[in-house]
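Below: the structure, in structure tokens.
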Amino acid sequence: MDVDGHLPRSQGDVDDDGRERRTGTVWTAAAHIITAVIGSGVLSLAWAMAQLGWVAGPLTLVLFAVITFYTCGLLADCYRVGDPVTGKRNYTYTEAVRSYLGGWYVWFCGFCQYVNMFGTGIGYTITASTSAAALKKSNCFHWHGHKADCSQYLSAYIIGFGVVQVIFCQVPNFHKLSWLSIVAAIMSFSYATIAVGLSLAQTISGPTGRTSLTGTEVGVDVDAAQKVWMTFQALGNVAFAYSYTIILIEIQDTLRSPPRENETMRKATLMGISTTTAFYMLCGCLGYSAFGNDANGNILTGFGFYEPYWLVDFANVCIVLHLVGGFQVFCQPLFAAVEGGVARRYPGLGREHAAVFRLVWRTAFVGMITLLAMLMPFFNSILGFLGSVAFWPLTVFFPVEMYIRQRQIPRFGAKWVALQSLSFVCFLVTVAACAASIQGVRDSLKTYTPFTTKS
């Protein structure tokens, strides 16, 4: 019996770090990956395919899948420091960066993660509010005809979503509720599957939109400048659909050993990304086949589908429920970081004062996100920006730099040049997609006025 009065655990009940023995397998890890990847990003893939066309569209999906798979393999090798079997474990992405790189890299990693979390909160607010508005529009079209004016003030739905999040943000340990991920997984699979099914039905029954090898056509659908900007913005949307490396280390930390965690994680990553890419191909290609170059930015709220209205309603309810919980999952780590920093800076802060600070700070945070969402409720531009901001630093740059440091790859050697070239090309893609998304927001603001423009 130990000093706390507990019976000691047997050696077989714990892992080499003293924590409870991990039981995760390649199947559970692959399931976590699929759950993390398939989300609201799938809704924009038909639009992205319309910008890229039948050649570049599928090729882009495959290319992003290959890059993500490769860099995730590099990141998986960085789970342990030193020996891949007995080395010290890193429990989070930031810990891995601190162990291998240290210094300003840690600050930059934290900055990228928290910007991504903040931006994702805005993106989720816009997406959920658009789906909530689509529920009323769907019923309006069903009862009053497809040509009826069923437009809605989106700002009211954004405020409503913000109020819900203010309430949920005050629930202690909301992000630790075990059912949250299960519900999110069911909801995301439901609306993504409905999108695929409706697109397939539309493709079979017709009428279908006009498609081409190169997507939207200059002089017909868009002008030359719009074609360039929207192509780069589509790259950002695809990047957003594949963003999950931020939680890869946490998934790997659930795996049992032997076999080696990095070997299991590579297999799980291959299974997860292959499954996801196949699903994305179906959603993107069938959506493009159904609606052609006029595909809407959000396949379930742009009303290419009017009937069966109850199925469209159900899909949008799934989106709202998924993103109500998803908002908390992404924002709670940011809350914990800020509140932990305040507690360290002011160790004498009492429990009551800490509770007041939590109430005021979290409410102000959600209020800021709600305000920004109302000022810029542009689905594809925001998703493109989020995808581009997260893609290069978190999916490519840090895994490459940590792998180079771990393997002590000599500077200017063939492998070093190849890895740095990959990182540089991905950096250029990030810059182009980010610039295009900002340009998209600027163009949209010319015709949008908060509280008065309907959608």
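The values are calculated or read from the model by the stated rules, or taken from the named source; none is laboratory data. These figures come from a predicted structure and were not determined experimentally. Because the Cβ atoms are built from the backbone with ideal geometry, glycine has one as well, and the counts that use them run over all protein chains shown. Surface accessibility is based on the protein's heavy atoms, side chains included, excluding ligands, DNA and RNA. Shrake-Rupley method; radii C 1.70, N 1.55, O 1.52, S 1.80 Å.
Please count how many residues of segment 254-268 are touching a helix residue (DSSP H, G or I) at 6+ places or on another chain (Cβ under 6 Å), over 17 Å from THR35 (Cβ atoms) and either modelled with pLDDT under 80 or outside any helix (DSSP H, G or I) (or both).
Number satisfying all stated conditions: 0.
Note down all Cβ pairs under 6 Å where the first residue falls in segment 279-303 and is under 17 Å from VAL55 (Cα atoms), the second is acidic (Asp, Glu), and they're at least six residues apart or on different chains.
Close Cβ pairs satisfying both conditions: ASN293/ASP221.
Yes/no matrix, rows are residues, columns are (1) in contact with a His (Cβ under 8 Å, 6 or more places away or on another chain); (2) open to solvent by less than 10 Å² (accessible area, probe 1.4 Å); (3) within 30 Å of GLY162 (Cβ to Cβ); (4) not in a loop (DSSP other than H, G, I, E, B):
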position: VAL85; (1), (2), (3), (4): no, no, no, no
position: VAL106; (1), (2), (3), (4): no, no, no, yes
position: VAL115; (1), (2), (3), (4): no, no, yes, yes
position: GLY121; (1), (2), (3), (4): no, yes, yes, yes
position: LYS137; (1), (2), (3), (4): no, no, yes, yes
position: LYS147; (1), (2), (3), (4): no, no, no, no
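Give the residue, chosen from SER289, SER274, that is of a type in the set (Ser, Thr, Tyr) and open to solvent by 50 Å² or more (accessible area, probe 1.4 Å). Write out each step before concluding.
Working: SER289 fails: open to solvent by 50 Å² or more (accessible area, probe 1.4 Å).
Criteria check complete, one pass: SER274.
Can you tell me which residues in segment 45-55 are of a type in the set (A, V, I, L, M, F, W, C) and under 19 Å from SER437 (Cα atoms)?
Hits for segment 45-55 are LEU45, ALA46, TRP47, ALA48, MET49, ALA50, LEU52.
In the set ALA418, ALA390, ALA364, which member is in a helix (DSSP H, G or I), open to solvent by less than 40 Å² (accessible area, probe 1.4 Å) and aliphatic (A, V, I, L, M)?
ALA390
Do we have GLU352 as farther than 30 Å from GLU217 by Cβ and either among the aliphatic types (A, V, I, L, M) or open to solvent by less than 40 Å² (accessible area, probe 1.4 Å) (or both) here?
Details: farther than 30 Å from GLU217 by Cβ: yes; either among the aliphatic types (A, V, I, L, M) or open to solvent by less than 40 Å² (accessible area, probe 1.4 Å) (or both): no.
Judged against the criteria, GLU352 is not a match.
Which residue pairs have Cβ atoms closer than 9 Å, lie 6 or more positions apart in sequence or on different chains, and pair a first residue in segment 88-100 that is part of a strand (DSSP E or B) and at pLDDT below 90 with a second residue that is of a type in the set (Ser, Thr, Tyr) and buried (at least 18 other Cβ atoms within 10 Å of the Cβ)?
LYS88/SER99; ARG89/TYR79
Do you know which of the residues in segment 9-35 that are outside any helix (DSSP H, G or I) and open to solvent by 90 Å² or more (accessible area, probe 1.4 Å) is modelled with the highest pLDDT?
Kept after step one, since they are outside any helix (DSSP H, G or I), are these residues of segment 9-35: 9-10, 14-25.
In the following step, the residues that additionally are open to solvent by 90 Å² or more (accessible area, probe 1.4 Å) were identified as 9, 16, 19-21, 23.
On the way: ARG9: 46, ASP16: 68, ARG19: 74, GLU20: 76, ARG21: 76, THR23: 79.
Across segment 9-35, the extreme among qualifying residues is THR23.
Give me the pairs: first residue in segment 202-224 and more than 28 Å from PRO308 (Cα to Cα), second residue assigned to a loop (DSSP other than H, G, I, E, B) and polar (S, T, N, Q), beta-carbon distance under 8 Å, and six or more apart or on different chains, which are they?
VAL222/THR216
State whether one or more residues within segment 38-58 are of a type in the set (A, V, I, L, M), at pLDDT below 85, in contact with a helix residue (DSSP H, G or I) (Cβ under 8 Å, 6 or more places away or on another chain) and assigned to a helix (DSSP H, G or I).
Checked segment 38-58: at least one residue is of a type in the set (A, V, I, L, M), at pLDDT below 85, in contact with a helix residue (DSSP H, G or I) (Cβ under 8 Å, 6 or more places away or on another chain) and assigned to a helix (DSSP H, G or I).
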